[in-house]
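Inspection log for the structure reproduced underneath, given as structure tokens.
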Amino acid sequence: MVENSARAKARRNASGVGLPGIANTQEQRGERRSVWSRIVAGIAAIAVGIGLVSVAGTAAQAAVPGINISVLYKGAVVADDTVIPEGEQMMLRVQYDAAQQIAGKQIKFTLPKQVTVSGGLPKNEAVESAVQNADGTYTVTFKDPLPGDITEGAFAIQLVVGKVDGNTESPISWEIGDDSGGVKIIVEETVTPPENITDSYAKAVNTNLLDEYVVMGDAPEYAFVGLKPELADKKLTYTLTMQSADARTGYAIADALPQGLSYVADSFAAELTAAGETTAIGFAPTVTGNSFAGVVDVPAQSVLKITYDVQVTDLEQLESALREQFRDRKGVPGVYQLQLTNTATFGDEHERKTDVYLRGSIPGVGAGHYFGKSGNWNLRDVIADEQGKLTPAAPMTYTLSANLTPWDERNANFTLQQNVVISDTLIEQASWKTGDGFITIAGEGPLTALKEAAGFSGSAADFAAEKYVGQYAVVGQTLFVNVGKSKATNVQIKAKAQLNTVAGLPGNDQTTVVGGTSYPWNNTAEFYYGDGDPVKKEHNAEVVVLPKDIEGGVNDTAAFSKTAGAEEVRVVPGESAKVPYQFSIDTAKPKVDPLTSRIVDQINTDIFDVADLDSIPVSGTYGGANLTREHFALSTDKSGNVVIELSEAGKKVVAAEPKRQRWTIDVIFTTVPLTGKQTLEIYNRATLHSVDSEWDYWSEDESEATSFGDEAEMRKRVFDRETGKWTANLNAAIEDGAFVDDRFVYAIELIPRGSYGAAFPVSIFTREDVLPEAVEFLGFVELDADGVPNLDSATDAETDMRGNVRSSYADGVVTIRQADDTNLDPTQGRIVTYFAVRATNASKPIVNTIAGSEAVITPVGDPSIDIEKWNDEGETPEYDASGALANDGYEGDHDAAPGFPLAEGEELPINFTISNDGREDLIDVRVSDKLIDGVGEITNLDCTFPDDSTGTEWAGPFKVGTQFSCTGTLPGLALDESHSDRATVTAVGVHTGKSVEDSDDWHGATPMTSTPIDPEPGVDPGVKPGTGPTGGLALTGGQTPWVVAGIAALILAAGGALLVRRRRSA
């Protein structure tokens, strides 16, 4: 593989290893500083020690590489002489970089008596222990070794500042071996400042409504009778409030009541609040009729409250005024009232008012409550052609309701003066479905059926005529219905309509259907019942035109959704994570029936353990019914997906509930154990199949299970153009040894796990991504609206990753760092940077690593396959790691005639070895054998594939560099017979889709018929005539072909050319 260590080594040779706190590649981490780096560091340390150089923050941070210690107050690092008020909270923060040599290090903290630890000592995966020592100091010890896969982390000790007598210097210090640091704070004695009062003025009353004292008559007139005498005994208590910033002397306060009200003698009272104390003061204003005037003296920073009582003293005047209001309504339904306003004036310039009401009402029919309109659906998915025509049209049944029973004729306000006419006009894209069953009526009253008023072409006013009672008419887009004016009528009228097209309607993408377009279908019915405007009732619906390709289903979160109970599930290393999911199904969708529906969940069995389906917890609800484990049946299909559906017991429960309810299913899947520090990225898709539905619904969810604690995880990914997703392993197409598209986009994401960066402020350690030699940097890029990298946006300028984190590039290295003078902010969204590269070498996988996270680009393509047909002569085909044949011409590989000498009448086992010697996994593998000359077709051809299945056809995948074998049988041949056949294998590249093929010929023959002769001198007389030392036939006078073959071999040895390998095809 093309690793990123070469460039890292070159960079180190040029400039030395990275600064403390900078995590490089694994190879870099173990490097020592160069001699020159140590000399420079030593000179700098001496300069700081003798005061020649000042280092910002050194008073608050330790100088040990990989350990940063700071004291924080209100999120900011504390410097020397920072003033901290007593009673305040502080934090002693320790950040650590696991790439540095911090294992086993001890930090000893010393606190002044004014500062104490609150909330306990830290617990952290990198901390072995945290204890308070006998002398009052504290020691925190790091684990040795540190847990694997930790990148960086932090812990904090909460501190509280105690009471002091006067401002007090308070040093906080720490030691790490021979290194020490600390900060000196000033604890400030806190003095509570007095409350600052500003000028304000207010007036209030204990009640605003006196309706209970208004007497109204009964039906039919509902006349105003008068006011109850008890109103004269009712006391109203008013309160005047004045806040004063400055002192006031002889300050005027006046008040005026409306006619009919008077002040209650001796009811005036006042209290003054100043300097935290409230006292009663005298207030005796001069009352003149229904008003008063007085003066007050108040100090600065004070609140004055004056209360007084008011009562009705002229009941007849109020009654007469309210009766006049009643008469002015002339019997029209509604409210009549007296508004009694009381006005207070502060200092001749600040006026405050309070109102008290006496109210009565003339009853009538609230017509809007007795007419209504609805439809049998509000949202529907539809299919439309290019012109917007719906196929099929979307049917709608409207319900128009008219309840005339409130008009009971008790008086004119409760008597209908005309027949009630309903007028309903459709938009031009819709039509009424006239014909059989178009309109029906149900309910109470004299109307039991509606008759069509054939030939009517007038208006709603025309249709109110008595002759049209109980009839309907359709005039163009408008439906008219005359329901009469009988006080016994309470009916519901159902009328059928349909939406035919969305052409001309305003479309938008504000829909839960991915790729869908939403269109409104709004409709208003008007109910004419008397003079004035009609009552209008609306039914607004929405249709969503589905995307063109719905063969794989519709992604509509309102219809069907699968969501994880949490975006992140946290466990300790070595444990499995329990990941809760909820499926939500809207069974109000057409033909989505829970009794015949099933969910197929494409579970990744590399992540989830679903071997024991009975142990998987499942529960749910349907409408108001609770569903338990016994109400569900779980199974797996032939692809290994988990199938969830109702059991017979569950179907009984659901069938007893009303239809069209929301159906939820809660299931918990358990992951495989997480190894060390690991994050499982869980991408999951589920499909809802309903037997009668025209399309399936699908939903996908992304969640994570992680064993990271309160730490920062660095994640490296590369973009897959085919799937539109980010992946750690990308198969990139090649052709003729070069990438088809040599541009790739990486993403580096900083993921604050748990409460990292949220529980207390942290700043990340700088990280470097040393790019592999096989790529060259093109620039940082942005994503378009669909989340796809836009290569045209490439820039080499420093980039904001969010979270106060920056990314930059120089000399083959992408650097991730905290922005100056900031802390990590995990609330700003994903902290991620994207950058494009050009790959310059497609010979090996390209591996890029940052902080332990790896992204691999694997070149795939140039598919190839090899088949070898052979018989066992003591040697077998051998292959290298790439799958290429390493010993061409091995014994048993008889590519040319006459081939292997066969024994008369004896069967011969034939072997086949198939190898993927290309650079792409293969699918649809097929092996065959065909006789091309002579006699004796191969029988019992059978292969054992890598997954242990058998046969001659295999779906795959056939991995690069692997082999499988087949066997067959060559039947026995008679003397003087030959056999030539061709073994063939075909397959298809899993990524490129290219077909590949290879063939291998094998030859064999028996000897010609001949008369045995006496053994020649020197021939072993014990050898059976006709056999040789290898089990074949001996050389006899009839073996001229073998002699010719030997002569041919001698010709080759002498430098002649003879083609013996077959042609391979791809």
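Bear in mind that the values in this text are calculations on the coordinates, not laboratory data. Everything numeric here is computed off the predicted structure, so don't read it as measured data. Virtual Cβ from ideal backbone geometry, glycine too; neighbours counted across all protein chains shown.
Key figures
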item: Top positive-direction residue, dipole computed over the chain with Cβ charges, set ALA611, GLY650, ALA903; result: GLY650
item: Stretch gain in nm, segment VAL740-ALA232, where the contour uses 0.36 nm per residue and the Cα spacing is subtracted; result: 173.2 nm
item: Quotient of Cα Rg and 2.2 N^0.38 Å for segment 367-545, N being how many residues it contains; result: 1.12
item: Taking ASP769, ASP612 and counting other C-beta atoms within 10 Å, the order from fewest to most; result: ASP612, ASP769
item: Under 5 Å, built H, 5+ apart or other chain: amide partners of LYS994; result: GLY989
item: Largest-first ellipsoid semi-axes for segment 62-159, taking √(5λ) over the Cα gyration tensor eigenvalues, angstrom; result: 24, 15, 11
item: Extension reserve of the THR969-THR397 stretch, reckoned as 0.36 nm per residue once the Cα distance is removed; result: 198.6 nm
item: For segment 189-245, alpha-carbon Rg relative to the globular expectation (2.2 N^0.38 Å, N residues); result: 2.21
item: Relative contact order of segment 711-861, defined on C-alpha pairs under 8 angstrom at six or more residues apart (%); result: 35 percent
item: Value of relative contact order over the chain, rounded to a whole percent, pairs C-alpha under 8 Å and six or more apart; result: 7 percent
item: Gap separating the Cα centres of segment 253-310 and segment 964-1005, nearest whole Å; result: 115 Å
item: Cross-link pairs LYS123/LYS163; LYS589/LYS651; LYS113/LYS184; LYS228/LYS330 - those with Cα-Cα distance over 20 Å; result: LYS123/LYS163; LYS228/LYS330
item: Bridge type composition, the chain - antiparallel percent by DSSP, nearest 5; result: 90 percent
item: Extension gain from THR478 to ARG327, taking 0.36 nm per residue of separation minus the Cα-Cα distance; result: 50.1 nm
item: Dipole in debye (nearest 20) - segment 249-367, about Cα centre, beta carbon charges: Lys, Arg +1; Asp, Glu -1; result: 640 debye
item: Normalised convex hull volume, segment 112-230, alpha-carbon set, Å³ per residue; result: 398 Å³
item: Kirkwood Rh and Cα Rg combined as Rg over Rh, evaluated for the chain; result: 1.14
item: Computed [θ] at 222 nm, helices only, for the chain once each DSSP H run of length n ≥ 4 contributes -39500 (n - 2.57); result: -2000 deg cm²/dmol
item: Proximal lysines relative to LYS451, as straight alpha-carbon distance under 18 Å, when same-chain residues fewer than 8 apart are discounted; result: LYS433, LYS467, LYS485, LYS494, LYS496
item: Inverse mean reciprocal Cα-Cα distance (Kirkwood Rh) of segment 944-988, Å; result: 13.4 Å
item: Zero-based 10 Å bins, Cα pair distances in segment 560-706, whole percents; result: 11, 42, 32, 12, 3
item: SER459-THR440 pseudo-label distance in nm [points 7 Å out on the Cα-to-Cβ vector]; result: 3.5 nm
item: Long-range HN-HN contacts of THR636 with modeled amide H, under 5 Å; result: VAL643
item: Relative contact order for segment 367-545, counting Cα pairs under 8 Å that sit 6 or more residues apart, in percent; result: 33 percent
item: Rg(Cα)/(2.2 N^0.38 Å) for segment 200-362, N = residue count; result: 1.24
item: Unit Cα scatterers, Debye sum, segment 842-958: log10 I(q)/I(0) for q = 0.13, 0.16, 0.18 Å⁻¹; result: -0.67, -0.93, -1.10
item: Sequence-distant residues sharing a close amide H with TYR879 (under 5 Å, placed H); result: ALA886
item: SER639-GLU575 FRET efficiency (beta carbon distance; Förster radius 45 Å; 0.05 resolution); result: 0.95
item: Percent of alpha-carbon pairs separated by more than 25 Å within segment 711-861; result: 28 percent
